[in-house]
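Comments concern the structure below.
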Amino acid sequence: WREARDEFAAILAIDPANFESKELLDQAQTHVDQEVKAHDDLAAARQAFEDRDYQGALWKLYRLPREAGLGDIDLHIRNAWFNWAIVGFKGGDATDARQKLQEVLSADPHDAEATKMMEFAQRYGSHQKDRYYYAFVDTLRFRGFDQK
């Protein structure tokens, strides 16, 4: 879209009365603006993720257009849900962690680590937290934004 925009701008520099080129320039500019906004929103989602604001990151990620060439948005969504589940575990709330892990597994049903954590969450959702719970939770590691 940027190349098209530049070409139409060049045409208009030569022929300012070319209204068809003006319309096409406006359309190309709209696409460029949408592309820039999508990249800015992805950067904001990444920053929220790095700030451990997983809810804010997810809010941005779910609103990103899939066709904007932004990479694997679903991977970022999965990792945000995964990390948010860990926050639940560390806060002693296995029920909350289980709900978030359901989102992870709906995004990636073959996520072995999330499956293991789900089994653990189901066991401790109604049980009292003991030293085994906290020992397991201490082994949990947050994922990176782009981690496969």
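The values are calculated or read from the model by the stated rules, or taken from the named source; none is laboratory data. Since we're looking at a predicted model, the values are computed, not measured. Here Cβ is always computed from backbone atoms with ideal geometry, including for glycine, and neighbour counts include all displayed protein chains. In case anyone asks, the SASA skips ligands and DNA or RNA and just uses the protein heavy atoms, side chains included. Shrake-Rupley method; radii C 1.70, N 1.55, O 1.52, S 1.80 Å.
Computed across the stretch 71-148, the Kirkwood radius stands at 12.4 Å (inverse of mean 1/r, all Cα pairs).
Computed over neighbours whose Cβ is under 13 Å from that of Leu105, the net charge equals -2, Lys and Arg +1, Asp and Glu -1. The slack between Thr115 and Lys148, meaning 0.36 nm per residue of separation minus the straight C-alpha distance, is 10.3 nm. Among Phe49, Phe89, Phe19, the largest mean-square fluctuation in a Gaussian network model of the chain (Cα springs under 10 Å) belongs to Phe19.
Hey, any idea what % of the stretch 1-88's accessible area is carbon plus sulfur with a 1.4 Å probe? Show your work: numbers first, answer last.
On the way: 2780 of 5280 Å².
The value for the stretch 1-88 is 53 percent carbon and sulfur by accessible area.
By its C-alpha gyration tensor, with a ≥ b ≥ c as the square roots of the eigenvalues, how is the stretch 59-113 shaped: rounded for a/c under 1.5, else prolate for a/b larger than b/c, else oblate? It is prolate, given that a/c is not under 1.5 and a/b is the larger ratio. Take the Cα coordinates of the chain, assign each an equal point scatterer, and use the Debye formula without solvent to give log10 I(q)/I(0) at q = 0.12 Å⁻¹. Evaluating at q = 0.12 Å⁻¹ gives log10 I(q)/I(0) of -0.60. In this structure, Glu67 and Glu7 have a Cβ-Cβ separation that, at R0 = 22 Å, corresponds to a calculated FRET efficiency of about 0.50. Build a GNM of the chain with springs between Cα atoms under 10 Å apart, and of Arg63, Arg131, Arg52 the one that fluctuates most is Arg131. Computed about the Cα centre, the dipole magnitude for the stretch 4-43 is approximately 60 debye when only Lys and Arg (+1) and Asp and Glu (-1) carry charge, each at its Cβ. Placing unit charges on the Cβ atoms only, positive for Lys and Arg and negative for Asp and Glu, gives the chain a dipole magnitude near 1060 debye about its Cα centre. Just add up the charged neighbours of Leu70: K/R +1, D/E -1, any other residue whose Cβ is under 13 Å from the Cβ of Leu70. Its environment carries a net charge of -2.
Across the stretch 86-94, rounded Karplus estimates of 3J(HN,Hα) from the backbone phi angles (6.51 cos²θ - 1.76 cosθ + 1.60, θ = phi - 60°) give 4, 4, x, 4, 5, x, x, 10, 5 Hz, Gly and Pro being marked x.
Rounded to the nearest 10 square angstrom, Arg2 shows an accessible area of 110 square angstrom against a 1.4 Å probe.
Relative intensity of the stretch 11-54 on a log10 scale, I(q)/I(0) at q = 0.19 Å⁻¹, equals -0.64, per a Debye sum over C-alpha point scatterers of equal strength in the absence of solvent. Close Lys pairs in the chain (alpha-carbon distance under 22 Å; sequence gap of 8 or more, or different chains): 11. Only DSSP H runs of four or more residues enter the estimate; each adds -39500 (n - 2.57), and after division by the residues of the chain the mean residue ellipticity at 222 nm equals -24000 deg cm²/dmol. Treating r as the C-beta distance of Asp53 and Thr139 and R0 as 22 Å, the FRET efficiency rounds to 0.40. Extension gain, Asn18 to Arg131: 0.36 nm times the residue separation minus the Cα-Cα distance gives 33.1 nm.
Here, the stretch 44-91 yields an orientationally averaged convex hull projection of 3.1 nm² when only Cα atoms define the hull. Accessible surface for the chain, divided over its residues, is 61 Å² per residue with a 1.4 Å probe.
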